[in-house]
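Below: one structure, written as structure tokens.
The values are calculated or read from the model by the stated rules, or taken from the named source; none is laboratory data. These figures come from a predicted structure and were not determined experimentally. Cβ placement follows ideal geometry from the backbone for every residue including glycine, while neighbour counts extend to all protein chains displayed. Quick note on the areas: whole protein, heavy atoms, side chains included, nothing else; ligands and nucleic acids left out. Shrake-Rupley method; radii C 1.70, N 1.55, O 1.52, S 1.80 Å.
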Amino acid sequence: MPVVMARDLEETASSSEDEEVVSQEDHPCIMWTGGCRRIPVLVFHAEAILTKDNNIRIIGERYHLSYKIVRTDSRLVRSILTAHGFHEVHPSSTDYNLMWTGSHLKPFLLRTLSEAQKVNHFPRSYELTRKDRLYKNIIRMQHTHGFKAFHILPQTFLLPAEYAEFCNSYSKDRGPWIVKPVASSRGRGVYLINNPNQISLEENILVSRYINNPLLIDDFKFDVRLYVLVTSYDPLVIYLYEEGLARFATVRYDQGAKNIRNQFMHLTNYSVNKKSGDYVSCDDPEVEDYGNKWSMSAMLRYLKQEGRDTTALMAHVEDLIIKTIISAELAIATACKTFVPHRSSCFE
């Protein structure tokens with residue numbers, strides 16, 4: 001994370017020699033970047049949560065770094081910041097370096113951010129995180145750049161607005177289809193159907209063609225949780241963390257229509273499968289390929305042993321990430337220019 005209070009660090013480093021000043025040049029939490037104007041970057045060390053190293057804590061304490069957590073319970077974030085000497089302030093305080101919030105900031109709050117403050121959301125990032133907005137943005141990119149270039153979603157309809165179009169497609173392919181709320185998470189409200197009569201039209205939903213022949217490991221469906229960080233939309237800067245998670249369903253996959261309502265077979269969300277009597281957890285951090293959560297590295301090793309081209313697979317995944325974010329780039333970048341006074345204020 002770039003140090004949000006870089007100016008504070010530079011000024012403090014040149015303060016009175018009578019004070020005990022942290023040596024920035026060789027401290028494990030400070031890395032220097034930039035050209036003529038060197039900029040300090042704060043490097044977080046995950047192991048500090050366990051070691052409670054005073055040498056790590058002294059950085060946040062020395063430079064009076066602070067954070068606040070608003071409308072969420074991010075215990076891991078709180079632990080890592082505390083371990084690096086950050087001081088937690090009240091959610092209503094305006095004196096902070098980092099705000100970690102579970103909801104989006106109103107424009108008037110974004111406009112008040114100083115150069116030394118960061119927040120963990122971009123304005124209008126719901127263009128990516130809401131399923132209906134993401135669908136609309138990708139459709140727009142297909143119209144602009146060609147269907148083939150942005151064919152990254154199964155055929156999808158937004159209901160009830162596109163109900164007639166969906167019924168027309170259903171008459172040609174009876175599915176199954178998968179139904180999802182437009183603004184939910186953790187598998188809530190998701191179900192499979194093979195008849196339009198099974199759909200409730202009381203709220204806005206997405207209906208997508210179900211991928212009926214998914215890639216399986218040991219006959220189980222799985223998905224991959226990746227960790228992507230965007231630090232800027234103008235210019236667009238995307239980081240992909242080198243590790244991830246593979247999350248498995250708890251019932252072996254079967255295409256038979258009789259199993260269409262079995263969430264433990266068709267959904268891979270942890271929030272769903274942890275309720276299954278067949279869920280297997282692994283408490284040994286050294287074991288990566290046991291139970292219903294594997295490391296992404298273990299998954300890739302398994303697929304490679306099965307003869308899959310994992311290099312090409314990950315290249316396709318990276319292409320998918322870039323195109324997904326690009327589909328919402330214009331709306332978010334425009335909102336940033338309108339509401340955010342400093343280019344480095346937001347990350348997500």
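Tell me the residue from GLU127, GLU162 that is free of Cβ contacts under 8 Å to residues at least 24 places away in the same chain and more than 30 Å from ILE39 (Cα to Cα), please.
Working: GLU127 fails: free of Cβ contacts under 8 Å to residues at least 24 places away in the same chain.
Being free of Cβ contacts under 8 Å to residues at least 24 places away in the same chain and more than 30 Å from ILE39 (Cα to Cα) holds for just one of GLU127, GLU162, which is GLU162.
Applying the selection to the range 63-86, what residues are over 21 Å from the mean Cα position of the chain (by Cα) and within 20 Å of GLU115 (Cβ to Cβ)?
Filtering the range 63-86 for residues over 21 Å from the mean Cα position of the chain (by Cα) gives 63-66, 82-86.
Correct list: TYR63, HIS64, LEU65, SER66, PHE86.
If a residue must be in a loop (DSSP other than H, G, I, E, B) and closer than 30 Å to LYS274 by Cα, how many such residues does the range 135-169 contain? Spell out the reasoning first.
Quick first cut of the range 135-169, residues in a loop (DSSP other than H, G, I, E, B) only: 146-155, 160-162.
So of that shortlist, the ones also closer than 30 Å to LYS274 by Cα come out as 152-155.
Number satisfying all stated conditions: 4.
One line per residue, one yes/no per condition, for (1) at pLDDT 95 or above; (2) closer than 24 Å to ARG186 by Cα; (3) open to solvent by less than 80 Å² (accessible area, probe 1.4 Å):
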site	(1), (2), (3)
ASP284	no, no, yes
GLU288	yes, yes, yes
TRP294	yes, yes, yes
TYR302	yes, no, yes
GLY307	yes, no, yes
THR310	yes, no, yes
LEU313	yes, no, yes
Output the residues belonging to the range 170-196 that are under 28 Å from PHE264 (Cβ atoms) and in a helix (DSSP H, G or I). TYR170, PRO196
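So which strands (runs of 3 or more DSSP E) are wholly in the range 201-314 and hold at least 2 residues that are under 23 Å from the mean Cα position of the chain (by Cα) and farther than 25 Å from LYS136 by Cα? Talk me through it step by step, then tell me what you get.
On the way: elements: 205-209, 220-225, 228-233, 236-240, 245-248, 293-295.
Passing ranges, in order: 220-225, 245-248, 293-295.
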Hits in the range 81-128 (condition: within 19 Å of GLY60 (Cα to Cα), assigned to a helix (DSSP H, G or I) and open to solvent by 30 Å² or more (accessible area, probe 1.4 Å)): THR82
